[in-house]
Ligand SMILES: Cc1cc2nc3c(=O)[nH]c(=O)nc-3n(C[C@H](O)[C@H](O)[C@H](O)COP(=O)(O)O)c2cc1C
C-alpha cells in the first residue's frame, strides 16, 4: 500500500516529497505586464505551507497574443525573470516542488481579447447560444506550428532558469494541443492530421523540444484528457497510446483529466451524458490506463476527502491532485499527512445553464484564490452568481490593461 506521505521518484531523478499535488488553477492574478507579483507570491507561499508535495501553477501563456484570460501570466523569450524567481521560491518555501504549467489556448481565446485565433483547422467552438464569444480560428500553417514548438521550449527553459522544478505541458481541456489530438477539431490531411500518430505529432514535438532544451534533472509533465467525452472525440484508447508515445519522448509523468470547453467534464457534466461518480470521477478511466502506462499517473478531479485520495493511490495511481478543494482549504494536505480527516465542501449553484453554472462555480474558486493572495482567509460563503458578476467587473479592468500592454 502506498501512503500519501511516501515520496515519488521520477525518471529524471527528481523526487516529489509526497503523493498530494495541487492541480493547476488559472489564478487570474497577473500583475502589470502579465507578470507574477505580490498576490501570486502570497498565494503560493500559503499553498506551499499547506503541505502538498507538488504545486502546479495555473496555466502560463507561451505567446502574448494568445491568452485565455486577461489576468493570465505570460512568459516569453524576453520577459523579465526576476518576478518568476520570486514565484518559484514562494512555491518551494516549505520544501515542496513547483512546476509551471505552460499553455497555448488555440481557439479558446475570447473575441474581446484577440481578433485572430489559431487552431489545427478553422473549426469554431460550439457552445450553443454562447458560441459567438469566440472567433472562428485560422488553420495553422507549418510555420505557425514550428513557431509554437519553439515557444513551448523557450518558456520551459526560462522556467528552469527562474528556479522552477519542472513544467507541465497542458494538452487537456480543449486547448491547442488537445485541439490537435481531437479528430473533431483537427481536420487536417497533412502530417499533423488524420492518424492518432499525426494528431499527436505536435504534442510529441513539444515534449521532445522541451526535454532537449531543459536537459535532465528537471521534470516534464503532461496534462492529458483521459477522454474528451464527445462522440467522435479523443477517447481513452487514444489516451492509452499517447501516454506510451509520451514516455518515448522524455515525459516524466502524466496528469489525467477530461473534458473541454464544449464538454465540461471537470464540472461534472460531460456532453455525452455519461454519469460520473461524484468523487474522483476519472478513476474508472484511469484504471483502464494504468495497466499499460509506462509513466506514473497523477489523477485530478473531484477529490476532497483523505479516504478518496488514499483510494486513488490504492488503485495504482501515483499521485492524487486537487484544485477546488485547496482553494477552499489549502491546509488539507498537511492535515491529511498528519492523519486527520479534514475535508472541503465544494460550493453549489442553482443556475440551470451548464456553461453558466460551471463559470459561476469557477468564479467562486477564483475569488477564493484572490483572497488567499491578499493574505485573507479563503472565505466559503460566496454566492456563485455574485462571484461571477464580480469576476466580470474585475475582468473588464484587466482586459483594458492587457490590451494596452499587448
Ligand atoms: C478556478 C479554476 C481554474 C482552473 N485553471 C486550470 C488551468 O489553468 N489549467 C488546468 O489544467 N486546469 C485548470 N483547472 C482545472 C483543475 O486543474 C482540475 O482539473 C479540475 O478543477 C478538477 O479538479 P478538482 O475537482 O479538484 O477541482 C481549473 C479549475 C478551476 C476551479
When residues of segment 1-50 are filtered for being in a loop (DSSP other than H, G, I, E, B), modelled with pLDDT of 95 or more, touching a strand residue (DSSP E or B) at 6+ places or on another chain (Cβ under 7 Å) and away from the ligand (no atom under 14 Å from the Cβ), how many remain? 6
In segment 216-230, anything touching a helix residue (DSSP H, G or I) at 6+ places or on another chain (Cβ under 8 Å) and closer than 13 Å to residue 156 by Cα is listed as 218, 220, 222
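Of all residues being on the phi > 0 side of the Ramachandran plot and either within 15 Å of the ligand (Cβ to nearest atom) or touching a residue at least 24 places away in the same chain (Cβ under 8 Å) (or both) in segment 298-343, which is surrounded by the fewest Cβ atoms within 10 Å (Cβ to Cβ)? Just the residue, please.
As a first pass, look at segment 298-343 and keep what is on the phi > 0 side of the Ramachandran plot: 301-302, 316, 339.
Applying the additional criterion that residues be either within 15 Å of the ligand (Cβ to nearest atom) or touching a residue at least 24 places away in the same chain (Cβ under 8 Å) (or both) yields 301-302, 316.
Values: 301: 28, 302: 22, 316: 15.
Filtering segment 298-343 for residues that are on the phi > 0 side of the Ramachandran plot and either within 15 Å of the ligand (Cβ to nearest atom) or touching a residue at least 24 places away in the same chain (Cβ under 8 Å) (or both), the one surrounded by the fewest Cβ atoms within 10 Å (Cβ to Cβ) comes out as 316.
In the list 87, 99, which residue meets the criterion of being assigned to a helix (DSSP H, G or I) and surrounded by 21 or more Cβ atoms within 10 Å (Cβ to Cβ)?
Working: 99 fails: assigned to a helix (DSSP H, G or I).
Residue meeting the stated conditions: 87.
State all residues of segment 280-316 that are assigned to a loop (DSSP other than H, G, I, E, B) and closer than 17 Å to residue 343 by Cβ; if no residue qualifies, say none.
Once the filter is applied, which keeps residues that are assigned to a loop (DSSP other than H, G, I, E, B) and closer than 17 Å to residue 343 by Cβ, segment 280-316 yields 280, 281, 301, 302, 303, 304, 305.
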Could you grab me the full set of residues in segment 231-247 that are in contact (Cβ under 8 Å) with a residue 40 or more places away in the chain and part of a helix (DSSP H, G or I)? 236, 238, 239, 240, 241, 242, 243, 244, 245, 246, 247
Take the residues in segment 375-388 that are in a loop (DSSP other than H, G, I, E, B) and within 13 Å of the ligand (Cβ to nearest atom); name whichever of them is modelled with the highest pLDDT. 378
What single numbered condition from (1) within 22 Å of the chain's Cα centre (by Cα); (2) under 30 Å from residue 247 (Cα atoms); (3) away from the ligand (no atom under 15 Å from the Cβ) fails to hold for residue 402? (2)
Just for helices (runs of 4 or more DSSP H) wholly inside segment 137-221: which have at least 2 residues that are more than 15 Å from the ligand (Cβ to nearest atom)? 142-161, 196-199, 201-214
Anything in segment 97-111 that is farther than 17 Å from residue 171 by Cβ and either touching a residue at least 60 places away in the same chain (Cβ under 8 Å) or within 11 Å of the ligand (Cβ to nearest atom) (or both)? List them, or say none. 97, 98
Filter segment 344-374 for residues that are crowded, with 18+ Cβ neighbours inside 10 Å and not in a helix (DSSP H, G or I); the one that is modelled with the highest pLDDT is 344
Taking segment 58-84 as the region of interest, how many residues are within 12 Å of the ligand (Cβ to nearest atom), crowded, with 24+ Cβ neighbours inside 10 Å, assigned to a loop (DSSP other than H, G, I, E, B) and in contact (Cβ under 8 Å) with a residue 60 or more places away in the chain? 3
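The values are calculated or read from the model by the stated rules, or taken from the named source; none is laboratory data. Everything numeric in this text was worked out from a predicted model, so none of it was measured. Cβ: placed from backbone, ideal geometry, glycine included. Neighbour counts: every protein chain shown.
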